[in-house]
Amino acid sequence: MTYLVNEVCVTLHNNGSTKMKLRPSLRHALRLLCLTPLLLSGVHLQAQQVSVPPEKPTQDEWDMGEWAEPEQQTYRINGFVEAAAGWRLSDDPVINGRSTLADLRAQLQVDRDFSQSRISLSADVYYDGVLDQAKAQVRELAWQGNLSSLGQWGTKVDAKLGQQVLTWGTGDYVFLNDLFAKDFQSFFAGRDDEYLKAPSLSAKFSGYFDWANIDLVITPEFTPDNYINGDYFSFFSPQYSPISGTNVAPRFSVTGAQLPASPEYAVRISKSLGSTELALYGYRGFYKSPSSRTDTGLATFSALRVYGASAITPFAQGLFNAEFAYYDSTDDGHGTHPQIPNSQARYLLGYEQELVKNLTGSVQWYLERTADYASLLSHSLTPEFEPAHSRIVVTQRLMYRALQQTLTFNAFNFYSTSDADGYLKFSTDYSPTDDWRLTGGVNVFYGDHPHTFFNQFADASNAFIRLRLFY
């Protein structure tokens, strides 16, 4: 599901791509990068900003002066090493041990600028003490440049090809039209927010035209979320929990025929009207977590199409955003299949403002409205555990900066008025120099009923601390 933690609700396993191990699909990324020399001739890269700009370039920005070639090929190498630890605030009856985070991590970032393009690498290697495993993850290995060598139309199209982290939409920790892979296990464990977004092997094309800007993302190999699967946290299962009286932690994965082999497609069309940015979205692929089951009871990913829109604009003394998405569960068009999610309409309204100097506050109202709800209840195997017809979540964020912005306090709270449960994430960052940063915080889940989405993770509540040294 697209709402940050709602996707975890049906998490049952972890696929190979998100266990932080090097994926076999990275071989395809290398093959893709091998094709880039064909594009290097006549390809242009903006000198002032390498990443895809969010707005349509002005006429002046397309002037050749902005596309001047560098005098020589350049390298940039940086990264960090980090130690992180986390502990449960209470025991979990089905998971041995209090540790929820025990990382020793090193990240290497290398950017190589050619005369008319760029290749970027960002890779992590680390030891996961909770699972007692050494792991590696390539977060980025991509070529980026302009496609002017393909003709006149190509001068207005940028491409980024390879392993990369993708994102769009207007929500704060709430994702409606952002159907790119997320890593919820890292988020709940207290890793840095950058790890909430998981990488995927994709081709992204961004076109800038007078009438609109267009982003097209093609992911040849379906990339699911790194969802809660029992490795670090237990979860409620309507199939087993009512029998056992507690959460379960099966630690299994979806593989073989249950893992989709088809590609994913995502498109965003945006246009700025004055200070307001409007966007339309489309997605064709699969639910990002295995929220469906086969007739034999195996977890799988059902087909999904999403159609959406968003707007973000200045309002009063702050910024207002609105977003809509319709989740078309194409494998269950009438909502009568008990093992496949029903279609849903999802709505988001948000507002952010600086309340006083150095203190920023924001609120969001989020709604999931399930289609064919009567059919859902009449066909469900466990109707007493189905979510409300209209599931409502309200979020609040307060962020305060002190000591010349070297110290940051950040509190974010999810509260579901329909489920009477919630999730508080609080963290503090202290970074007096550019050389190091110390972070500490808590993740606290609470609620009235053991089967509701947030409160099922009550035993996962934890405190964490991280020390990162930059180089």
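The values are calculated or read from the model by the stated rules, or taken from the named source; none is laboratory data. Computed from a prediction, not measured in an experiment: that's the story for all the values here. Cβ placement follows ideal geometry from the backbone for every residue including glycine, while neighbour counts extend to all protein chains displayed.
What to note about this one:
- Flag if Ser380 is within 22 Å of the chain's Cα centre (by Cα) and within 30 Å of Arg293 (Cα to Cα): no
- Where a residue in the range 358-387 is at pLDDT 95 or above and its partner, wherever it lies, is among the charged types (D, E, K, R) and exposed (fewer than 14 other Cβ atoms within 10 Å of the Cβ), with Cβ under 9 Å and at least six apart: Thr360/Glu354; Gly361/Glu354
- Check on Ile312, under 30 Å from Ser292 (Cα atoms), surrounded by 16 or more Cβ atoms within 10 Å (Cβ to Cβ) and β-branched (Val, Ile, Thr): no
- Residue match in the range 311-331 (condition: modelled with pLDDT of 95 or more, closer than 30 Å to Leu398 by Cα, β-branched (Val, Ile, Thr) and assigned to a strand (DSSP E or B)): yes
- Identity of the residue in the range 413-437, acidic (Asp, Glu) and part of a loop (DSSP other than H, G, I, E, B), that ends up farthest from Asp193 (Cα to Cα): Asp419
- Residue under evaluation Phe188, criteria (1) at negative phi; (2) in a strand (DSSP E or B), criterion not met: (2)
- Yes/no for Pro250 being assigned to a loop (DSSP other than H, G, I, E, B) and touching a Ser or Thr at 6+ places or on another chain (Cβ under 6 Å): no
- Any hit, the range 219-230, residues being free of Cβ contacts under 8 Å to residues at least 40 places away in the same chain, of a type in the set (D, E, K, R) and more than 25 Å from Lys271 (Cβ to Cβ): no
- Looking only at the range 255-304, and only at residues there that are part of a loop (DSSP other than H, G, I, E, B) and small (Gly, Ala, Ser), the one that is modelled with the lowest pLDDT: Gly297
- Condition met for Leu161 (hydrophobic (A, V, I, L, M, F, W, C), under 21 Å from Asn321 (Cβ atoms) and touching a residue at least 40 places away in the same chain (Cβ under 8 Å)): no
- Filter result (part of a loop (DSSP other than H, G, I, E, B) and buried (at least 22 other Cβ atoms within 10 Å of the Cβ)) within the range 150-170: Gly169, Thr170
- Some residue of the range 112-124 being at pLDDT 95 or above, in contact with a Ser or Thr (Cβ under 6 Å, 6 or more places away or on another chain) and part of a strand (DSSP E or B): no
- Qualifying residue in the range 134-148 (condition: more than 21 Å from the chain's Cα centre (by Cα) and of a type in the set (Asp, Glu)): no
- Against the numbered list (1) buried (at least 20 other Cβ atoms within 10 Å of the Cβ); (2) part of a loop (DSSP other than H, G, I, E, B), Gln405 comes up short only at (1).
- When residues in the range 314-371 are screened for being closer than 25 Å to Asp419 by Cα and of a type in the set (A, V, I, L, M, F, W, C), 11 of them pass.
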